[in-house]
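A.B. asks: Just dropping this structure here.
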2 protein chains.
Amino acid sequence: MSEEFLKVARAAREAAAELAPLPRAPKDRALRTIADALVAHAAEIVQANAEDVERARAQGTSESMIDRLRLDEARIGAIAEAVRQVADLPDPVGEVVRGSTLPNGLELRQLRVPLGVIGIIYEGRPNVTVDAAALCLKSGNAVLLRGSSSAYSSNTALVKVMQGALRGTEVPADAVQLVPGLTRDSVKELMRARGLVDVLIPRGGASLINSVVEESTVPVIETGVGNCHVYVDAEADVDLAVQILLNAKAQRPSVCNAAETFLVHAGVADAFVPRALAALREAGVTVHGDERIAGYGAEVVPVTDDDFFTEYLSLDIAAAVVGSLEEAVAHIRRYGSGHTDAIVTRSQQAARRFVALVDSAAVAVNASTRFTDGGEFGFGAEIGISTQKLHARGPMGLPELTSTKWIYTGEGHLRTSEGTVVCG
Amino acid sequence: MSEEFLKVARAAREAAAELAPLPRAPKDRALRTIADALVAHAAEIVQANAEDVERARAQGTSESMIDRLRLDEARIGAIAEAVRQVADLPDPVGEVVRGSTLPNGLELRQLRVPLGVIGIIYEGRPNVTVDAAALCLKSGNAVLLRGSSSAYSSNTALVKVMQGALRGTEVPADAVQLVPGLTRDSVKELMRARGLVDVLIPRGGASLINSVVEESTVPVIETGVGNCHVYVDAEADVDLAVQILLNAKAQRPSVCNAAETFLVHAGVADAFVPRALAALREAGVTVHGDERIAGYGAEVVPVTDDDFFTEYLSLDIAAAVVGSLEEAVAHIRRYGSGHTDAIVTRSQQAARRFVALVDSAAVAVNASTRFTDGGEFGFGAEIGISTQKLHARGPMGLPELTSTKWIYTGEGHLRTSEGTVVCG
């Protein structure tokens, strides 16, 4: 590991130990100081961002990508406002999760505590730099940020402003760190920093997440790959089903909770598929369908096995007719990513069965898949959507950035082979 | 991956899908059937066990190890009784962890669901084979068991009896599987079985656990390495401190919640150390102490840095005098394993500070470290003690063998840029 990386990671680790026992008030003050500093230093940040934009343009980056990268005063104001909103959220640290007085009189409590040092690897817009830092600080964690190299100047400026703001507060400035270096080596260092980093959260496409999962010795929380399904049951209200499918696919196709496949029960295909194809066509969606779907519309493109595995994130959708709810569930188990899968049905029994059999982070009944979201669930903020089963599953808010600690208090409690003895 | 391993892992995966939606009653019936079958087939099991014992003896295994390996009718009866106790425990699956009706009318629930397929790698006595299987089945999970090669005949017989018993029940027999093969290759296969196995729980010594953590692409829950400390504060009741230290070290030295180091505040060393050394000597404990500790007794062996890192699991203890509570905390952070650390003090302030600063799965105040235990905490049963921060920390009972699933139910809920619209 490079000296440069070790220095940063060790500084974060020490800062984490200082930050962990802080109560809510100093953390909130620090977040509000960061928000003010971002606004006060907007001009510097915009200037640093201009370097990234210029470099991206010289490399022939598309205008839509450049727009995602660009920061202006209004966007910086919105980022600062999001930090203030995090300050307003309840502090998960110190929450008593469980507790009791044991039969022997020991007082037992399980408390939420920070995880320690969180590494975030992300590809997104530079606002993630600030959003992620704010959520980590609020939950008492230090953060190592490894953003996209295309946003390196912006991220450097943002972290500099945040660290500067923290210097006047009780939160140590070293609690927010940019991982040095632009190369893939710095990602590798993060992945091998077991003992220095407590958890890694990769935020990005499937290939980034898979490589982190494969190579990391630091525990990983997988986020964000969403191959979501809408299953239209034999007992579906066809009107409802068309609108839910359209919303799930086309309302915002680039996000992980958008639908990527629809499955229709054969018993309702005649009524549903022609109307669905018309609605999707009107929304500009290309349907990749099996033979039975293709029988309902000349515009249907033949679907491949790969299509069923694909998270399009575009105006494309795969489609198939299934013979039963169980066949739909088997399809979802085989091809899905365990993010969100929806059923449209009037049947209580079918809904109950689908909910029981589908093994995903979220199951929607007569609702669009688009609602799987920390904001919609009322979390106030979200660090990502976990599609794994350990630790956190589904939208992750502040409590998901914590661990727990057991505390037991006695008055001289000893354990003997006959049971507890209280001495003294 | 070998065909043999894939066959077993895939069968477990299919069984897990069948087992997951089962309610409590059929799972409890299956566990009681297993308990009855173990008793009914005790003779076969003892016979298989005799092969392991004979092999161990031929290899010159110590009598104490052979005793740990040995099964007789009484021990099999106790194993069966433990299975019945697991049947009596509440089922964690289906518990509503959180839930609300969102402002838009969506009904949101977070339910406990099984993890899926759990791999257990263990070195212990053959009773772990049955204990672990019972806990996994009760929590709706299939289990892949990879026990010690020294107990292979016993484990094979136990799994055969459990599978035979399950054949007459609603729980699929494939939900309990022994990983084929005796070599380290079968451990490797388990560690690379991402997608087939949802979590690996290594139970054993530090070297087993470290190698699994380093090499596994399947998420791991680390268990059981306990380098536990007793810190005797300046404000300690010396009587209490001596008894707590003695209990923590000597009541059962071979277990992970036994103390391995004591730290004494300089202000109480004169009063505490001579009495502690006398009590430890009487219990047959060798003290590895720093110079100040050695000043109180000729029998003190000089301590090394390695000693402070060591989980002795024997009648040995490392010891040092510290200048402050903060120095004790720094020592524990540096050398500890994050299992259990205790403070003995009359000072409310010192207790509060120690609890806040020590970053371990459990912190004990005026109580022996020996209470960190699923049974003592009232969990009814324990699969291990996690010393990691993700997913589960401290004693793990049935709820720690589950994940969660979000379910939301609407009546045509769509998400738009202006907020929720309910169609239909």
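The values are calculated or read from the model by the stated rules, or taken from the named source; none is laboratory data. It should be emphasised that the depicted structure is a prediction, and the values quoted were computed from it without experimental measurement. Note that each Cβ is placed from the backbone with ideal geometry, even for glycine, and that neighbours are counted across all protein chains shown. Ligands, DNA and RNA are excluded from the accessible area calculation, which covers all protein heavy atoms including side chains. Shrake-Rupley method; radii C 1.70, N 1.55, O 1.52, S 1.80 Å.
A.B. asks: Test B:Asn210 against the criterion of being within 14 Å of chain A (Cβ to nearest Cβ), modelled with pLDDT under 95 and under 30 Å from B:Leu144 (Cα atoms), and give yes or no.
C.D. replies: yes
A.B. asks: Please enumerate the residues belonging to segment B:58-70 that are surrounded by 13 or more Cβ atoms within 10 Å (Cβ to Cβ) and of a type outside the set (A, V, I, L, M).
C.D. replies: Answer for segment B:58-70, where residues must be surrounded by 13 or more Cβ atoms within 10 Å (Cβ to Cβ) and of a type outside the set (A, V, I, L, M): B:Thr61, B:Arg68, B:Arg70.
A.B. asks: Go through (1) touching a helix residue (DSSP H, G or I) at 6+ places or on another chain (Cβ under 9 Å); (2) crowded, with 20+ Cβ neighbours inside 10 Å; (3) within 11 Å of chain B (Cβ to nearest Cβ); (4) not small (Gly, Ala, Ser) for A:Phe308 and report which single condition fails.
C.D. replies: So the condition that A:Phe308 fails would be (3).
A.B. asks: Sticking with this one: Applying the selection to segment B:212-223, what residues are assigned to a helix (DSSP H, G or I) and open to solvent by 30 Å² or more (accessible area, probe 1.4 Å)?
C.D. replies: B:Glu214, B:Glu215, listed by residue number.
A.B. asks: Quick one: what pairs do we get from segment A:320-348, first residue within 21 Å of A:Leu246 (Cβ to Cβ), second of a type in the set (Asp, Glu) and part of a strand (DSSP E or B), C-beta under 6 Å, 6+ apart or different chains?
C.D. replies: Cβ pairs passing all conditions: A:Ile332/A:Asp341.
A.B. asks: Here's a check for you: in segment A:263-275, which residue that is surrounded by 22 or more Cβ atoms within 10 Å (Cβ to Cβ) and over 30 Å from the mean Cα position of the chain (by Cα) is nearest to A:Glu235 (Cα to Cα)?
C.D. replies: Ranking the qualifying residues of segment A:263-275, first place goes to A:His265.
A.B. asks: Determine if segment B:343-354 includes at least one residue that is under 30 Å from B:Val268 (Cα atoms), open to solvent by less than 20 Å² (accessible area, probe 1.4 Å) and either part of a loop (DSSP other than H, G, I, E, B) or at the interface with chain A (Cβ under 7 Å from one of its Cβ atoms) (or both).
C.D. replies: yes
A.B. asks: Same structure again: Consider A:Leu315 carefully, then state whether it is within 30 Å of A:Thr129 (Cα to Cα), among the hydrophobic types (A, V, I, L, M, F, W, C) and out of contact with any helix residue (DSSP H, G or I) (no Cβ under 8 Å at 6 or more places or on another chain).
C.D. replies: no
A.B. asks: Follow-up question, since we're still on this one. Pick from B:Arg98, B:Arg112, B:Arg146: which is under 25 Å from B:Leu196 (Cα atoms) and open to solvent by 30 Å² or more (accessible area, probe 1.4 Å)?
C.D. replies: B:Arg112
A.B. asks: Would you mind stating whether B:Met162 is within 14 Å of chain A (Cβ to nearest Cβ) and touching a residue at least 12 places away in the same chain (Cβ under 8 Å)?
C.D. replies: no
A.B. asks: Take segment B:17-54 and flag every residue that is within 14 Å of another protein chain (Cβ to nearest Cβ), under 25 Å from B:Glu81 (Cα atoms), open to solvent by 10 Å² or more (accessible area, probe 1.4 Å) and hydrophobic (A, V, I, L, M, F, W, C).
C.D. replies: Selection gives B:Ala20, B:Leu22.
A.B. asks: Shifting gears a bit: What number of residues in segment B:224-238 are closer than 24 Å to A:Asp198 by Cβ and either open to solvent by 10 Å² or more (accessible area, probe 1.4 Å) or more than 14 Å from every other protein chain (Cβ to nearest Cβ) (or both)?
C.D. replies: Counting residues in segment B:224-238 that are closer than 24 Å to A:Asp198 by Cβ and either open to solvent by 10 Å² or more (accessible area, probe 1.4 Å) or more than 14 Å from every other protein chain (Cβ to nearest Cβ) (or both) gives 5.
A.B. asks: Does A:Gly124 qualify as being assigned by TED's automatic domain parsing to the domain that holds A:Glu81, under 14 Å from A:Ile34 (Cβ atoms), at pLDDT below 95 and out of contact with any Lys or Arg (no Cβ under 6 Å at 6 or more places or on another chain)?
C.D. replies: Against the criterion (assigned by TED's automatic domain parsing to the domain that holds A:Glu81, under 14 Å from A:Ile34 (Cβ atoms), at pLDDT below 95 and out of contact with any Lys or Arg (no Cβ under 6 Å at 6 or more places or on another chain)), A:Gly124 does not qualify.
A.B. asks: May I ask you to say which residue of B:Asp174, B:Asp185 is in contact with a strand residue (DSSP E or B) (Cβ under 9 Å, 6 or more places away or on another chain), outside any strand (DSSP E or B) and of a type in the set (Asp, Glu)?
C.D. replies: B:Asp174
A.B. asks: For segment A:367-424, how many residues are in a loop (DSSP other than H, G, I, E, B), hydroxyl-bearing (Ser, Thr, Tyr), open to solvent by 10 Å² or more (accessible area, probe 1.4 Å) and within 7 Å of chain B (Cβ to nearest Cβ)?
C.D. replies: Here the count works out to 0.
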